[in-house]
Amino acid sequence: MSTPDVEKKADGRSSPELEAGEHLFDNADGLQRRLNNRQIQLIAIGGSIGTALFVSIGNGLARGGPGSLLLAYLIYPCVLALVNNSIAEMTTYMPVSGGFIRLAGHWADDALGFMAGWNFFFYEALLIPFEISALNLVISFWNEKVTDPGPTAGICIAVIACYAALNLLAVRGYGEAEFWLSGGKVILLFILFFFTFITMVGGNPSGHAYGFYYWQNPGAFKEYISTGRLGRFEGFLACLWNAGFAVVGPEYISMVSAEAKRPRIYIKTAFKTIYFRFALFFFGSALCVGIVLPWNNENLQAVASGESGSATAAASPYVMAMSNLGITVLPDIVNALMLTSIFSAGNTYTYCATRSLYGLALEGRAPRILRKTWSNGVPFYCFLVVMIFPLLSFLQVGSASAEVIVWFSTLITGGGIINFLVMNITYICFYRACKAQGFDRNRLPYKGWFQPYGAYFALCFQTCVALFYGYGSFKPEWNVTTFFQSYTMQIVAPILFIGWKLLKKTRWVRPHEADLTWEAPTIDRYESQFTHDPPGFWTEMGWLVGYKRSKMHPDD
C-alpha cells in the first residue's frame, strides 16, 4: 500500500512530463486519473438515473396525481440546475479528491466541510441497501417467493459480493463497468418513452388510443392527507418531496472529478450536458408515468403505502401499466434492464461513499489510517468501512421489500437536500472570495450564469424543502416514526457542524483569506503534459469498436 503524501511525490524531477501509464502528478494524493471521456459522460448520466425513475416515482404519482407530479418534476430540476451551475464553476476549476466536500472546508468553514463530508457519506452509504432492496423487489416480478427470507438473503449476499469485486478494481475497471451499465439505463428509458407514446396513440392490444385519459379520470390532481384545495396542494408537495429524492446528478460528477483525465475539459462537458438530462430524463419520466397509469391503481397505492407483501409482482408503474394493457414479453425485458440499472446505481453509491470517506481522511476529519490506498489508487480501508452498510439490506428478511424501500428513501432524502445546501453556501463564499481578491472568474474553465443570485435562490428554495419535507409527520396526528424518518439527517447535520466547530474552534473563512490557488498548480501541471487535442465522446466510441484506433494517442 502507498500513503498519499505531497512531499513524497515531489521526487526532484523538474519536468512535468509523464511516461505512458505513470500517475505521479495526477493528484496531490493517492487517487489516479484514469477515467476517459466516454466513461465520464456515461457515469454522469448513470449517476442521475436510478431506482427513483423506474420505481419510486410511482410513489409521487400515487400521492399527488399526474398533474402535480409533472409540475414538481418541472420545478425541482430547474432549482437543481442552479445548483449545478454553481458546483460546475468550482469543480472544473478545482477537481480535487472529495469533490464539493473539501471545497466546502477550504472556502467556507472547516466545520461545514466536516458536516458535508459525513452527511454525504451516510447519504451514499444508506443508498446502497436501498438499491439492494429495490433489486429484490424487481426480481420478485418473476417469482414472488424471492421475497421469502432465504432467497432474499441469498440475493443480498450475491449483490454485495459483486459490489465488492467491482470497487476493488482500479478506477478504470469501475469506469468501464459503469459505462456499459449506464448505457443500459439510457436504452431502458428510451424504451419506456417509446412504449408510452406508441400505446397512448393506439398501439396496444386493445387498439384504444387512450391519450391523456387518466388526467381526466381519475383526474390530474389528487388530494393527499387533507381534502379540497389544501389536499391537492399537499399532493403537489408530496410530489415535490419525491422529486427531491429522485432528481440528482451534480454531486456525482463532483466526486469523480479527481479521477478523471483532463478534468477541466471532460468534467466541464459532463456538467454542461446535465441541463439537457434534467429536461429529458426527469420531466419526460414524470410525463410518461402520468400518462400510462392512473394514480388510483390498487398495486400502485399498495406499493406507495408500503403494505407488507403488496405489489411484489410489479413494483414499477411502467410494468403495472403493461400488465393492465395485456402486453407480454416487454415487461420481462423492462425488468431485466431495470435490474442492471438498479445494480449500477448501487455500485455508484459504493464508489462515492468510499471517495467521500477518503476525502474526509485527507482533511483530518476521519482517522488517518483511511488515507492509505492500494497501488491501483483504491482507498482500501475506506472501502472496508463502506461495505458494512450494504448489510442493512438484510432488514428485508424480516420485513417486506416495499416497506424497506419506503423507509430508506424517506430517511435519506433530507441528506440529499443538505448536500445541495452545502454546495450553494460554498459557492457564495467562493464568489465573495473572488470579488475580494480580484480573481477574474472569466479565466475559469466554466463560468456560471446568474451568479450569485442563482445560488441564493436555490439556497432559499431548498432550505424550505429541507424544513417542510416531513410536515406529514404532524398530520393528521403526531407520528414519531415518520418524524424521525423525515428529519433524522436535518437533526444530525447541525449537531455535526456545531460539534466540530466547538471541538476545533473553526471559523468562517474570510473572503480575502480564502485559498483560491490551493491544488490548482498540481492540476495545471497535470493537464500541461498533454500535447494533443482531447478526443471527443464519439471519437472514443469509435475507438471502442476499432474505428480509427490506429490514430489513438498513447495517453488516451
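The values are calculated or read from the model by the stated rules, or taken from the named source; none is laboratory data. These figures come from a predicted structure and were not determined experimentally. Please note: Cβ atoms are built from the backbone with ideal geometry, for glycine as well, and neighbour counts cover all protein chains shown. Keep in mind that these areas ignore ligands, DNA and RNA; they rest on the heavy atoms of the full protein, side chains included. Shrake-Rupley method; radii C 1.70, N 1.55, O 1.52, S 1.80 Å.
Note on the range 491-520: residues that are more than 20 Å from Arg365 (Cα to Cα) and either in a helix (DSSP H, G or I) or open to solvent by less than 100 Å² (accessible area, probe 1.4 Å) (or both) amount to 5. Of all residues in the range 79-95, those that are open to solvent by 10 Å² or more (accessible area, probe 1.4 Å) and either aliphatic (A, V, I, L, M) or free of Cβ contacts under 8 Å to residues at least 12 places away in the same chain (or both) total 2. Checked against (1) more than 25 Å from Asn424 (Cβ to Cβ); (2) more than 26 Å from the chain's Cα centre (by Cα); (3) not basic (Lys, Arg), Trp508 meets all criteria but (1). Residues in the range 339-366 that are open to solvent by 10 Å² or more (accessible area, probe 1.4 Å), under 30 Å from Thr196 (Cβ atoms) and not β-branched (Val, Ile, Thr): Leu339, Phe343, Tyr349. Of all residues in the range 183-199, none satisfies being free of Cβ contacts under 8 Å to residues at least 12 places away in the same chain, within 30 Å of Ala258 (Cβ to Cβ) and surrounded by 15 or more Cβ atoms within 10 Å (Cβ to Cβ).
The set of residues in the range 369-379 being assigned to a helix (DSSP H, G or I) and surrounded by fewer than 16 Cβ atoms within 10 Å (Cβ to Cβ) consists of Ile369 alone.
List pairs: first in the range 96-109 and closer than 12 Å to Glu519 by Cβ, second open to solvent by 10 Å² or more (accessible area, probe 1.4 Å) and of a type in the set (Phe, Trp, Tyr), Cβ under 7 Å, 6+ apart or cross-chain? Pairs that qualify, where the first residue is closer than 12 Å to Glu519 by Cβ and the partner is open to solvent by 10 Å² or more (accessible area, probe 1.4 Å) and of a type in the set (Phe, Trp, Tyr), are His106/Trp518.
For the range 56-76, a residue qualifies if it is open to solvent by less than 10 Å² (accessible area, probe 1.4 Å) and either of a type outside the set (A, V, I, L, M, F, W, C) or farther than 19 Å from Trp215 by Cα (or both), and the qualifying residues are Ser56, Gly58, Gly60, Gly64, Gly65, Pro66, Gly67, Ser68, Tyr73, Tyr76. Take the conditions (1) β-branched (Val, Ile, Thr); (2) in contact with an Asp or Glu (Cβ under 8 Å, 6 or more places away or on another chain); (3) under 30 Å from Gly346 (Cβ atoms); Ile187 misses just one of them, which is (2). Selection within the range 425-438: residues that are among the hydrophobic types (A, V, I, L, M, F, W, C) and surrounded by 17 or more Cβ atoms within 10 Å (Cβ to Cβ). The member of this set that is farthest from Thr463 (Cα to Cα) is Cys434. Looking across the range 114-166, the residues that are in a helix (DSSP H, G or I), of a type outside the set (A, V, I, L, M, F, W, C) and surrounded by 15 or more Cβ atoms within 10 Å (Cβ to Cβ) come down to Gly117, Asn119, Tyr123, Glu124, Pro129, Glu131, Ser133, Asn136, Thr147, Pro151, Thr152, Tyr163.
Within the range 224-338, which helices (runs of 4 or more DSSP H) (wholly inside it) include 2 or more residues that are at pLDDT 85 or above and surrounded by 24 or more Cβ atoms within 10 Å (Cβ to Cβ)?
Numbers: elements: 228-246, 250-256, 263-277, 284-292, 298-305, 317-325.
Here the list reads 228-246, 250-256, 263-277, 284-292, 317-325.
On inspection, Tyr275 passes the criterion of being out of contact with any Asp or Glu (no Cβ under 9 Å at 6 or more places or on another chain), touching a residue at least 40 places away in the same chain (Cβ under 8 Å) and of a type in the set (Ser, Thr, Tyr).
For the range 472-487, a tally of residues being open to solvent by 40 Å² or more (accessible area, probe 1.4 Å) and either touching a residue at least 40 places away in the same chain (Cβ under 8 Å) or out of contact with any Ser or Thr (no Cβ under 6 Å at 6 or more places or on another chain) (or both) returns 9.
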